[in-house]
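Report on one structure; see the data block that follows.
The values are calculated or read from the model by the stated rules, or taken from the named source; none is laboratory data. A quick note: this is a predicted structure, and the numbers were derived from the prediction, not measured. With ideal geometry, Cβ positions are generated from the backbone for all residues, glycine too; neighbour counts draw on all protein chains shown. Note: accessible area is taken over every heavy atom of the protein model, side chains too, but ligands, DNA and RNA are not part of it. Shrake-Rupley method; radii C 1.70, N 1.55, O 1.52, S 1.80 Å.
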Amino acid sequence: GLTPMLCVGELLEEREAGNTEDVVLRQLRAGFSEMDPDKVAASMVAYEPVWAIGTGRTATPADASAVHSAIRSALQELIGERAAKVPILYGGSVNRNNVADLLAAENVDGVLVGGASLEASGWASIAST
């Protein structure tokens, strides 16, 4: 009954070098390379920039949207029209102050919350967004 989730994301150095999309798509393709397309279609993907995890820094909604769009396109190459149903989440210092903007971004299907889920009122605020 578990849903597999593939997490992909770049280091700060890779981002600053302009290699975000290349790194993320390489990870995506490697992660799904030996999976049956039906299993890929039943999975989730989380874009979690390594530089944002636990740092308080987060991608802008526009940046998240662009990466999510690239992920969706790569999924379409891998599994065709079924790619439209694969949820693509954003994770990386999601909190009550940025969750609404991230969720409003085009191509962002949801969020993956880490440390912010440990504080009850913050988690409640995120969950009710």
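Under 5 Å between amide H atoms, partner at least 5 residues away or on a different chain: which partners does residue 119 have, H built in plane at 1.01 Å?
Correct list: empty.
Assign unit charges at the C-beta atoms only (+1 for Lys and Arg, -1 for Asp and Glu), then state the dipole size of region 18-107 relative to its Cα centre in Debye, rounded to the nearest 20.
200 debye
Amide H of residue 5 versus every other amide H placed in the peptide plane: which residues, excluding those fewer than 5 positions away on the same chain, fall under 5 Å?
Counting only residues 5 or more places away or on other chains, the set is 44.
Using DSSP to define loop residues, name the GluC sites (Glu not before Pro) in region 45-112 whose beta-carbon has at most 11 other beta-carbon atoms within 10 Å.
Of the GluC sites (Glu not before Pro), the ones in loops of region 45-112 whose Cβ has at most 11 other Cβ atoms within 10 Å are 106.
Roughly speaking, to the nearest percent, how much of the chain's 1.4 Å accessible area is carbon and sulfur?
Taking all protein chains in place, the chain shows 51 percent carbon and sulfur surface.
Given that just one value was derived from the coordinates, which of (i) 14.1, 45; (ii) 15.0, 49; (iii) 14.4, 41 is Rg and Dmax of the Cα atoms in Å?
(iii)
How large is ³J(HN,Hα) for each residue in region 21-31, as worked out from phi by the Karplus curve 6.51 cos²θ - 1.76 cosθ + 1.60 (θ = phi - 60°), to whole Hz, x for Gly and Pro?
Per-residue couplings from phi come out as 4, 4, 5, 5, 6, 4, 5, 4, 5, 5, x Hz.
Taking Cα atoms, how many degrees apart are the long axis of helix 61-79 and the longest axis of the chain, rounded to 10 and kept between 0 and 90?
So the inclination is approximately 20 degrees.
With the other protein chains left in place, how much accessible area per residue, in square angstrom, belongs to the chain at a 1.4 angstrom probe?
54 Å²
Please go through region 22-110 and write out the trypsin sites (Lys or Arg not before Pro) that DSSP classes as loop and that have at most 12 other C-beta atoms within 10 Å.
Counting only loop positions with at most 12 other Cβ atoms within 10 Å, the trypsin sites (Lys or Arg not before Pro) in region 22-110 are 57.
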